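Below: the structure, in structure tokens.
The values are calculated or read from the model by the stated rules, or taken from the named source; none is laboratory data. Since the structure is predicted, the reported quantities are computational estimates derived from the model, not experimental observations. Note: ideal-geometry Cβ built from the backbone for every residue, glycine included; neighbour counts use all protein chains shown. Remember, those area values only see protein heavy atoms, side chains included, never the ligands or the DNA or RNA. Shrake-Rupley method; radii C 1.70, N 1.55, O 1.52, S 1.80 Å.
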Amino acid sequence: MSGTIKTKNVFLTGGAQGLGKSYVDGFLAEGGKVVFGDINATVGAATEKEFAEKYGKDNVKFIEFDVTDGPKFEEAFQTAVDFLDSVDLMVNNAAMMVENLWENTISLNYTGVVRGTFLAYEHMRKDKGGKGGRIINISSVAGLRNSELAPVYCGTKQAVRSFTSSLAMAPDVKQLGIEYAVLCPGAADTDILRNLNTRIRYAHLFQAEMAS
Ligand SMILES: NC(=O)c1ccc[n+]([C@@H]2O[C@H](COP(=O)([O-])OP(=O)(O)OC[C@H]3O[C@@H](n4cnc5c(N)ncnc54)[C@H](O)[C@@H]3O)[C@@H](O)[C@H]2O)c1
């Protein structure tokens with residue numbers, strides 16, 4: 001990431017831990033100012049404290065909220081705008097992978113990303129007084145291929161990839177000043193891949209694949 005992000009005002013969901021936390025660290029290290037949200041109040045507050053000590057308390061803020069709660073998400077976005085003056089990079093990162101809780105998984109991984117994207121879109125669009133900006137949505141390698149292990153998670157990640165790429169095709173994208181990107185990371189050792197027996201189907205197959 002070095003050299004590519006300069007003084008960006010960033011709002012990111014799911015930043016208390018895992019990959020989201022490392023993105024926040026990277027943006028702050030590059031001179032950005034970051035507001036991150038998370039449903040986990042304890043870990044979120046600890047992360048905020050850690051980064052405030054490292055990068056200064058004026059540069060980072062944590063907001064506890066649940067991405068699946070529309071009004072709370074809107075409120076959090078406004079709090080981020082107040083802290084940052086404007087959001088010029090929105091990262092929709094929060095997600096879960098619990099196949100049994102399929103409605104929650106869809107609501108967080110897809111509906112939440114769509115909501116976050118449209119909140120940022122309305123804020124950034126130059127034709128309505130915004131300054132333009134960038135929206136990065138986090139998909140996965142699961143968004144690029146099918147898997148018997150996590151059909152619901154895979155479906156949401158493919159939806160995120162297709163939604164984001166489709167928005168980027170809009171004829172007025174340049175006029176509105178909004179750029180889109182979708183990231184499809186491979187497997188990383190974070191909470192989303194722990195206790196797999198309770199999260200995915202046929203967990204033994206995944207464990208055997210990872211061990212080979
Ligand atoms: N770890 C991997 O192997 C991997 C691979 C590809 C893509 N991803 C994607 O990367 C992103 C980050 O995942 P991670 O690996 O860091 O997992 P993680 O579980 O460590 O982090 C997810 C974060 O989202 C937060 N969160 C969960 N539900 C929420 C809600 N309703 N509202 C707000 N925040 C909520 C969690 O508290 C947590 O801090 C996800 O989009 C995930 O799908 C992860």
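Would you pull out the residues with amide H under 5 Å of Gly32's amide H, same chain only if 5 or more places away, H placed 1.01 Å from N?
Hits under the 5 Å cutoff: Thr7, Lys8.
Could you list which residues have their amide H under 5 Å from that of Ile178, counting only those 5 or more apart in sequence or on another chain, with H placed in the peptide plane?
For Ile178, the qualifying residues are Gly133.
Only Lys, Arg, Asp and Glu count, each charged at its Cβ (+1, +1, -1, -1), so figure out the dipole size of region 82-212 about its Cα centre, rounded to 20 debye. List each step's numbers first, then the result.
Numbers: 13 positive and 13 negative charges, 48 e Å.
Computed about the Cα centre, the dipole is about 240 debye.
Per residue of region 180-192, in order, report the coupling 6.51 cos²θ - 1.76 cosθ + 1.60 (Karplus, θ = phi - 60°) as ³J(HN,Hα) in whole Hz, putting x for Gly and Pro.
Once θ is set to phi - 60°, the couplings for region 180-192 become 10, 9, 10, 9, 10, x, x, 5, 9, 7, 10, 4, 4 Hz.
Two decimals is fine: what is log10 I(q)/I(0) at q = 0.26 Å⁻¹ for region 120-184, from a Debye sum with one equal scatterer on every Cα and no solvent?
The Debye formula, applied to the Cα set alone, gives -0.98.
Which entries in the list Lys57/Lys131; Lys49/Lys72; Lys54/Lys126 go over 28 Å, if you measure between the two C-alpha atoms of each?
Pairs exceeding 28 Å: Lys54/Lys126.
What's the FRET efficiency of Ala211 with Ala187 using the Cβ-Cβ distance as r and R₀ = 22 Å, to the nearest 0.05? Please list the in-between numbers first.
Details: r = 12 Å, r/R0 = 0.56.
That pair, Ala211 with Ala187, gives E of 0.95.
Semi-axes of the equivalent ellipsoid of the chain: what are they in whole Å, largest first, if each equals the square root of 5 times a C-alpha gyration tensor eigenvalue?
After scaling each eigenvalue by five and taking roots: 28, 21, 15 Å.
May I ask for the net charge around Val67, where only other residues with Cβ less than 10 Å from the Cβ of Val67 are counted and Lys, Arg are +1 while Asp, Glu are -1?
Combined, the nearby Lys, Arg, Asp and Glu give -1.
In the chain, carbon and sulfur make up what percent of the accessible area (probe 1.4 Å)?
Carbon plus sulfur share of accessible area: 51 percent.
In whole Å, what are the extents of region 11-71 along the principal axes defined by its C-alpha atoms, from largest to smallest?
In descending order, the Cα extents are 30, 21, 18 Å.
How large is ³J(HN,Hα) for each residue in region 158-168, as worked out from phi by the Karplus curve 6.51 cos²θ - 1.76 cosθ + 1.60 (θ = phi - 60°), to whole Hz, x for Gly and Pro?
For region 158-168, the Karplus-derived couplings read 5, 5, 4, 5, 5, 4, 5, 5, 5, 4, 5 Hz, x marking Gly and Pro.
With the calculation restricted to Cα positions, what are the radius of gyration and Dmax of region 99-212 in angstrom?
Rg, Dmax (Cα atoms, Å): 16.6, 54.
So if each residue of separation counts as 0.36 nm, and I subtract the Cα-Cα distance between Asn195 and Asp85, what length gain in nm does that give?
Separation in residues times 0.36 nm, less the Cα-Cα distance, equals 35.6 nm.
Give the accessible surface of the chain per residue, rounded to a whole number of Å², with probe radius 1.4 Å and ligands, DNA and RNA excluded.
Per residue, the chain has 50 Å² of solvent-accessible surface.
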